[in-house]
């Protein structure tokens, strides 16, 4: 049995279900499945213009793994372009990380759900909190 | 407002349990009445889905805050969906009593 994959942290999932070419005669025959982590890799490297090391740290994976994900992402998009086929986004091995905060005084990590209004540490009530993974 | 603290024993002096789904006990602490209730975790020995079941149990108890050492991805998603605040403590040597004292001061 192979080693399970480390979950790749994805800050925000893509806000579309997919892309479709238009002006082609052939109907929807085929499609490529773009994983959330591949979308995230493209976003971090080519939209946020990060280098691979920074981006890999943000996603909680090693730099070579990031490079591999980025490469498969580019190849899938290229395939979709050239063959004029649909791109569908699928979940993959992603871990959608919500907003986690860390308290500067007691190092506690916590989330703040929508129902809570105060932005303070739930344990020591310190206001010195910082957003992780920004 | 109710808080769940994962505990390794059935009383306030017990060591805080860093696991979430497989914690031995859940200590439910009520901030208004300052009462603690201990509930046994029945999923301790289950081979899978312990985090999900524990999260479901916590959501059904109408708790707003959970204090533990870490949360698995499924438990995170579920607790997040029901607006339960998750708090992660990295300390190894802390008792349930110690956490309650921090919460109330």
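The values are calculated or read from the model by the stated rules, or taken from the named source; none is laboratory data. Worth saying up front: this structure is predicted, and the values here are computed from it rather than measured. Virtual Cβ from ideal backbone geometry, glycine too; neighbours counted across all protein chains shown.
Some notes on this structure:
- Selected residue (only one of A:3, A:29, A:75 is farther than 27 Å from residue B:76 by Cα, over 18 Å from the mean Cα position of the chain (by Cα) and either surrounded by fewer than 13 Cβ atoms within 10 Å (Cβ to Cβ) or at pLDDT below 90 (or both)): A:29
- Candidates B:15, B:64, filtered to the one that is touching a residue at least 40 places away in the same chain (Cβ under 8 Å) and farther than 20 Å from residue A:114 by Cβ: B:15
- The residues in segment B:59-69 that are touching a strand residue (DSSP E or B) at 6+ places or on another chain (Cβ under 7 Å) and either surrounded by 15 or more Cβ atoms within 10 Å (Cβ to Cβ) or under 18 Å from residue B:15 (Cα atoms) (or both) can be counted, and the count is 7.
- If you go through segment B:46-73 and keep only what is within 26 Å of residue A:93 (Cα to Cα) and more than 14 Å from chain A (Cβ to nearest Cβ), you end up with B:46, B:47, B:49, B:50, B:52, B:53, B:54, B:56.
- Every residue from segment B:70-105 that is within 16 Å of residue A:102 (Cα to Cα) and either surrounded by fewer than 18 Cβ atoms within 10 Å (Cβ to Cβ) or free of Cβ contacts under 8 Å to residues at least 24 places away in the same chain (or both): B:70, B:85, B:86, B:87, B:88, B:90, B:91
- Subset of segment A:102-132 (residues that are within 10 Å of chain B (Cβ to nearest Cβ) and in contact (Cβ under 8 Å) with a residue 24 or more places away in the chain): A:102, A:103
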